[in-house]
Amino acid sequence: MQKRIVTIQDISCFGKCSLTVALPLISAMGVETAVIPTAVLSTHTGGFTGYTFRDLTADIPQISAHWQNLKLHFDGIYTGYLGSRQQVQMVADFFDAFSDAKTQVIVDPVMGDRGRLYAGFTPDFAGEMRTLCQKADVIVPNMTEACLLLDMPYLSTYTETDVKEILRRLTDIGCSTAILTGVQYGDGRHGAVAYHCESDQFCSAFRQHIPEQMHGTGDIFSSILSGALVQSAPLEKAVEVAVNFTADSIEATIDDLYTLPKEQAPWYGVAFESCIGNLVAYTKQFINL
Ligand code: PXL
């Protein structure tokens with residue numbers, strides 16, 4: 001039976017993040033991908049100036065009402081970048097209308113990275129995002145977002161014990177699984193650590209750190225994770241595939257970074273397209289594609 005996700009986030013027309021990442025990747029994993037675009041921007045907000053922003057907040061309840069009339073059903077709901085507190089509230093209502101015991105609700109609390117908020121966000125937005133995380137089954141923050149959700153100071157380095165403590169505190173918000181992305185240890189490992197509070201189990205996956213900063217990697221990770229979970233992969237496998245595909249895509253981008261003019265190179269995002277063959281192979285490890 002065809003699995004189906006709805007993903008709720010913006011369309012950044014250029015720059016490879018949010019919906020332009022989620023659509024091709026989740027589809028490549030054999031999962032139908034419906035969308036609710038929250039805003040249309042000419043580019044994402046990281047590293048560009050002068051971008052346009054068309055707010056689509058008013059469309060969210062209308063799309064939801066139409067779909068409720070149609071009695072649509074989704075196996076997963078995956079949310080990313082949300083542009084306002086009002087949108088967070090509407091998305092919470094959407095969860096109430098469309099999730100049942102079998103629906104996996106995955107929230108990537110997109111707010112910032114490397115200790116800084118993305119343009120347009122204020123720290124009080126974290127309180128709103130926390131209420132959405134409370135309603136999720138799985139949350140996927142990076143360290144910056146975890147610190148914002150927990151109202152903790154951002155640390156640039158942390159130990160395995162710190163990471164475990166943060167994950168426990170994240171599940172105390174109310175979700176059963178928390179996955180911390182962009183976890184980096186002093187020995188060069190870079191990856192993700194997950195905690196499932198009901199079984200009190202941790203799992204993790206790592207690759208070798210690549211010292212380049214690229215935009216959109218969090219969206220790649222969350223898209224693959226969502227596709228894998230909806231395809232019934234165990235948490236450990238979903239985290240492993242998400243880390244491996246994200247790292248493959250970063251490695252595939254390195255040559256372009258040095259070929260393009262220095263100021264333009266970050267604009268073009270991560271070259272995940274050349275790795276879609278790997279993604280299909282990874283997905284075949286847990287389902288018949
Ligand atoms: O990748 C997260 C993201 C999504 N959407 C928009 C963004 C960002 C990060 O900067 O600006 C519009």
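The values are calculated or read from the model by the stated rules, or taken from the named source; none is laboratory data. As the structure is a prediction and not an experimental result, all values here were calculated from the model. With ideal geometry, Cβ positions are generated from the backbone for all residues, glycine too; neighbour counts draw on all protein chains shown. Heads up: the accessible areas ignore ligands, DNA and RNA and are worked out on the full protein's heavy atoms, side chains in. Shrake-Rupley method; radii C 1.70, N 1.55, O 1.52, S 1.80 Å.
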For the chain, averaging the sequence separation of alpha carbon pairs under 8 Å that lie six or more residues apart and dividing by its residue count, the contact order in percent is 17 percent
Carbon and sulfur: what percent of the chain's accessible surface (1.4 Å probe)? 50 percent
Residues other than residue 196 with Cβ under 14 Å of its Cβ, Lys/Arg counted +1 and Asp/Glu -1, net out at -2
Radius 12 Å from Cβ of residue 104, net charge of other residues (Lys, Arg +1; Asp, Glu -1): 0
Dipole magnitude of the chain about its Cα centre (Cβ charges: Lys, Arg +1; Asp, Glu -1), debye to nearest 20: 320 debye
With just the Cα atoms defining each centre, how far is the range 1-38 from the range 252-266? Give it in Å. 25 Å
Taking trypsin sites (Lys or Arg not before Pro) as candidate sites, keep only those in a DSSP loop with at most 12 other Cβ atoms within 10 Å, then name the longest stretch of the chain containing none of them. 115-261
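Specify whether the C-alpha gyration tensor of the range 1-54 places it in the rounded, prolate or oblate class, a ≥ b ≥ c being the square roots of the eigenvalues: rounded for a/c under 1.5, otherwise prolate if a/b is larger than b/c and oblate if not. Present the calculation step by step, with values, prior to reporting the outcome.
Working: a/c = 4.53, a/b = 2.30, b/c = 1.97.
It comes out prolate by the Cα gyration axes.
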Taking the Cα centre of the range 104-176 as origin and charging only Cβ (+1 Lys, Arg; -1 Asp, Glu), how large is the dipole, in debye to the nearest 20? 0 debye
Signed unit charges on C-beta, dipole axis of the range 12-122, positive-most listed residue 111, 90, 72: 111
Just to be sure I understand: with springs between alpha-carbon atoms less than 10 Å apart, which residue in 83, 191, 127 has the highest mean-square fluctuation in the Gaussian network model of the chain? 127
Who wins for biggest fluctuation among 23, 180, 170 in a Gaussian network model of the chain, springs between alpha carbons below 10 Å? 23
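Counting only helical runs of four or more DSSP H residues, what would the 222 nm mean residue ellipticity of the chain come to if each run contributes -39,500 (n - 2.57) and the total is spread over all its residues?
Estimated from H runs of four or more residues: -12500 deg cm²/dmol.
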What does the C-alpha gyration tensor say about the overall shape of the range 49-204? Classify as rounded when a/c is under 1.5, otherwise prolate if a/b is larger than b/c, or oblate. oblate
In debye, nearest 20: dipole of the range 132-289 around its Cα centre with unit charges on the Cβ of K, R (+) and D, E (-)? 220 debye
Taking the chain as a Gaussian network, Cα atoms linked when under 10 Å apart, which of 87, 213, 104 shows the biggest mean-square fluctuation? 213
If contacts are Cα pairs under 8 angstrom and at least 6 residues apart, what is the relative contact order of the range 1-135 in percent? 24 percent
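For the range 1-138, give me the percentage of DSSP beta bridges that are antiparallel, rounded to the nearest 5 percent.
Working: 5 of 24 bridges.
Percentage antiparallel, nearest 5: 20.
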Mind listing the phi-derived Karplus ³J(HN,Hα) values for the range 253-265, rounded to whole Hz, using 6.51, -1.76 and 1.60 with θ = phi - 60°, and x for any glycine or proline? 8, 4, 4, 4, 4, 8, 8, 7, x, 3, 6, 8, 3
What is the Cα coordinate range of the range 1-131 on the first, second and third principal axes, sorted by size from largest, in whole angstrom? 43, 31, 26
Can you check how the C-alpha radius of gyration of the chain compares to 2.2 N^0.38 Å, as a plain ratio? 0.93
Rounded, prolate or oblate: which one fits the range 98-167, using the alpha carbon gyration tensor with axes a ≥ b ≥ c (rounded when a/c is under 1.5, else prolate when a/b beats b/c, else oblate)? oblate
Greater than 29 Å apart at Cα, pairs in 3/135; 16/237; 16/71: 16/71
If unit charges are put on Cβ atoms (+1 for Lys and Arg, -1 for Asp and Glu) and the dipole of the range 1-59 is taken about its Cα centre, the option from 17, 56, 31 lying farthest towards the positive end turns out to be 31
Estimated vicinal HN-Hα couplings, Hz - the range 189-195 in sequence order (Karplus 6.51, -1.76, 1.60; Gly, Pro = x): 6, 9, x, 9, 10, 10, 9
Give the accessible surface of the chain per residue, rounded to a whole number of Å², with probe radius 1.4 Å and ligands, DNA and RNA excluded. 45 Å²
